[in-house]
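In what follows, a single structure is set out as structure tokens and then discussed.
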Amino acid sequence: MLVLTRKKGESIKIGEEIELVVVEIKGDKVKLGISAPEDQKIARAELYLTVENNKEAADKVELLKVFQLSRKLHQAEENKDGEH
């Protein structure tokens, strides 16, 4: 990890297109401005992790639905075979 010290109004460039600017410093909080292309996704780390966890949970729910449907179809086939 690279650690840099910046004062209010100073910035950091990441590649050609991304710039982080220290907008305000109050106590232990730093307000950052971010200039980046519109197609670049930017989110606080905790939100990104929440979104990723929600995606994983949604995937598990879908798998459970598929499993339950498969089970119902299997039971329906067994019932159908038992009628003959």
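The values are calculated or read from the model by the stated rules, or taken from the named source; none is laboratory data. Everything numeric here is computed off the predicted structure, so don't read it as measured data. Virtual Cβ from ideal backbone geometry, glycine too; neighbours counted across all protein chains shown. Ligands, DNA and RNA are excluded from the accessible area calculation, which covers all protein heavy atoms including side chains. Shrake-Rupley method; radii C 1.70, N 1.55, O 1.52, S 1.80 Å.
Got a sec to turn the phi values of the range 57-63 into Karplus ³J(HN,Hα) couplings, 6.51 cos²θ - 1.76 cosθ + 1.60 with θ = phi - 60°, whole Hz, x for Gly and Pro?
These are the phi-based 3J(HN,Hα) values: 5, 5, 4, 5, 5, 4, 4 Hz.
Which of the listed residues, ILE42, MET1, VAL61, is farthest toward the dipole's positive end in the chain, when Lys, Arg count +1 and Asp, Glu count -1 at the beta-carbon?
With unit charges placed on the Cβ atoms, the residue in question is MET1.
With every protein chain left in place and a probe of 1.4 Å, what is the accessible surface of LYS26, to the nearest 10 Å²?
140 Å²
So how strong a dipole does the chain carry about its Cα centre when Lys and Arg Cβ are +1 and Asp and Glu Cβ are -1, to the nearest 20 debye?
It comes to approximately 600 debye.
If I take every Cα pair under 8 Å that is 6 or more residues apart in the chain, average their sequence separation and divide by the length, what percent do I get for the relative contact order?
Values: 52 pairs, mean separation 12.1, N = 84.
Value for the chain: 14 percent.
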